Amino acid sequence: MRDRVLSWLADHVPPVRLQHSLGVEQMCIELAEHYALNIEQAAQAGLMHDLAKYFKPSQLLHMARQEGIEVDPICEMNPHLLHADVSAIVARDEFGINDEVVLEAIALHTLGRPGMSELSCIVFLADSLEPGRGDTPELATLRQVTRQDLHKAIWLTCDYSLKFLVNTRRFIHPRTILTRNWAVQMFNKKNQSTDRLTEALAV
């Protein structure tokens, strides 16, 4: 299966994007091992997350609508945002992936979603933070946080992406903000529970 996917990617994306997909696959494997998640699911989702990255806007819109995926005004103006959803469709139809957890992780890797699974979290993070993305101190810190707390890493990675979108005057999809706020809420909840436990033990 992996060889088939690699061959398909070699025909449909440029070499630099194939290297990115391999980087995401590797980081997903490492995070799955760290958090005791299913390594095969992580590797599949990581390798296939960008199958539709270079599809034309018209193809992305057509496939999304055909699948019944909601195309909101921002996606209408920037169909590239649909490449994650469409990549999940390609993974299912081209490679027979029927594992809903894997398909969801592929579909959510760009915008995320409140309540997403741990597997979806690690693919979301690996897409932004795999080594090929750069070597700045900020990225190094974010990579370190991915191994401490997934929700904190999601929140800070969303902040990192939002800064870039604001500075480059690009559209911000509401789901990015919803994902960020959900991650903050989840992190705060865990910390409050830990604080309460610490207080109880100290009594």
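Structural remarks
- Computed packing ranks the peptides 172-178, 82-88, 20-26 as 82-88, 20-26, 172-178, most packed first, by mean other Cβ atoms within 10 Å.
- Under the criterion of Cα pairs below 8 Å and six or more residues apart, the relative contact order for the chain equals 19 percent.
- Evaluated with a Cβ-only charge set (Lys, Arg +1; Asp, Glu -1), region 2-202 carries a dipole of roughly 620 debye about its Cα centre, given to the nearest 20.
- Each 5 Å bin from zero up to the one holding the largest Cα-Cα distance in region 126-199 carries the following percent of pairs: 3, 15, 21, 22, 18, 10, 5, 3, 1, 0.
- Cβ-Cβ FRET estimate between Glu94 and Ala36, R0 fixed at 45 Å, reported to 0.05: 0.90
- Within the chain, the proportion of C-alpha pairs whose separation exceeds 23 Å stands at 45%.
- Axis angle, to the nearest 10 degrees, between helix 118-129 and the longest C-alpha principal axis of the chain: 70 degrees.
- From phi via Karplus (6.51, -1.76, 1.60), per-residue ³J(HN,Hα) for region 164-170 in Hz, x at Gly/Pro: 4, 5, 5, 5, 9, 6, 9
Quick note: the coordinates plus some simple rules give every number you see, no bench work behind them. A quick note: this is a predicted structure, and the numbers were derived from the prediction, not measured. All Cβ positions, glycine included, derive from the backbone under ideal geometry; neighbour counts span all protein chains shown.
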